[in-house]
Amino acid sequence: MMVTICRLYDSYTDADGVILRLEAAGVLPSETSVVSNNSDAWYRAAKTASADPVQRDGATGNAIGKIEGAAVGAAIGATAATAASFMTMLAISGVGSVVGAGWLAAILGSMAVGGVTGGLLGALTNAGISEEDAQVLVEGVRRGGTLVTTRVPQADAPRVEAIMNRAAVNLWERGDVYRKSGWQSFDPTAMPYTADQVRGERSLHAR
């Protein structure tokens with residue numbers, strides 16, 4: 001039986017390190033996915049010059065080209081999970097611009113193309129993440145975080161959770177922080193955070 005493990009990271013560098021450690025620990029790259037807030041356009045900053053004319057981005061989450069996908073994969077950490085995948089740019093209701101790779105990003109892209117509702121929150125709950133945790137996870141991405149999600153055999157879950165817990169956000173504490181500021185639950189109709197708001201949120205939780 002496969003189980004889904006999901007962790008939120010305030011620092012993209014922390015998420016990158018976890019992806020590398022998962023692959024080193026033998027987790028299949030095809031089972032790991034990353035979704036990161038792109039409101040501050042870090043993805044575009046990571047692109048390198050290319051003669052490849054293929055570039056199809058936007059809310060539908062289409063592929064943006066093999067060379068550019070590999071360039072961003074290198075920025076993420078050059079793991080097989082990302083460098084060998086098309087990077088996907090998406091606009092998620094209530095979250096805003098994100099960039100991702102792997103199976104979860106593919107699900108989100110399919111939702112956008114097919115007009116399926118539910119977004120990231122629905123994708124996480126459908127994958128087995130509890131509604132309570134999913135609410136905080138999605139709000140965390142909205143505020144600038146990066147989500148790493150992997151699927152592993154149940155017997156491997158304790159070992160993989162220990163790897164993913166390093167530098168991960170404590171969801172109970174973070175949800176409490178959000179609620180103290182008036183937040184109740186993720187609102188897909190809310191305005192996405194601006195680049196300045198995302199930077200401010202990341203600074204607030206910087207280690």
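Of the helices (runs of 4 or more DSSP H) lying entirely inside the stretch 96-207, those containing at least 1 residues that are closer than 18 Å to Asp16 by Cα are 103-114, 131-142, 157-164, 195-204. Among the residues making up the stretch 161-195, those that are out of contact with any helix residue (DSSP H, G or I) (no Cβ under 7 Å at 6 or more places or on another chain) and under 22 Å from Asp14 (Cβ atoms) are Glu161, Ala162, Asn165, Ala168, Asn170, Trp172, Glu173, Asp176, Val177, Ala195. Contact annotation: residue pairs with Cβ atoms under 7 Å, 6 or more positions apart or on different chains, pairing a residue in the stretch 188-200 that is under 11 Å from Ile92 (Cα atoms) with a partner that is assigned to a loop (DSSP other than H, G, I, E, B) and among the hydrophobic types (A, V, I, L, M, F, W, C), are Pro192/Val95. Among the residues of the stretch 158-202, just one is of a type in the set (D, E, K, R), at pLDDT 95 or above, under 19 Å from the mean Cα position of the chain (by Cα) and farther than 12 Å from Gly140 by Cα, namely Glu161.
Can you tell which of Leu8, Leu90 is in a strand (DSSP E or B), in contact with a helix residue (DSSP H, G or I) (Cβ under 6 Å, 6 or more places away or on another chain), modelled with pLDDT under 90 and not β-branched (Val, Ile, Thr)? Walk me through how you get there before you give the answer.
Details: Leu8 fails: modelled with pLDDT under 90.
Selected residue: Leu90, the only one of Leu8, Leu90 that is in a strand (DSSP E or B), in contact with a helix residue (DSSP H, G or I) (Cβ under 6 Å, 6 or more places away or on another chain), modelled with pLDDT under 90 and not β-branched (Val, Ile, Thr).
Rundown of residues vs (1) free of Cβ contacts under 8 Å to residues at least 60 places away in the same chain; (2) charged (D, E, K, R), yes/no style:
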{"position": "Gly122", "(1), (2)": "yes, no"}
{"position": "Asn126", "(1), (2)": "yes, no"}
{"position": "Asp133", "(1), (2)": "no, yes"}
{"position": "Thr146", "(1), (2)": "no, no"}
{"position": "Ala168", "(1), (2)": "no, no"}
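In the stretch 108-139, of all residues being under 15 Å from the mean Cα position of the chain (by Cα) and farther than 16 Å from Ile5 by Cα, the one that is modelled with the lowest pLDDT corresponds to Gly109.
The values are calculated or read from the model by the stated rules, or taken from the named source; none is laboratory data. Quantities reported herein were computed from a predicted structural model and do not represent experimental measurements. No Cβ is skipped: glycine too gets one built from the backbone with ideal geometry, and neighbour counts run over all protein chains shown.
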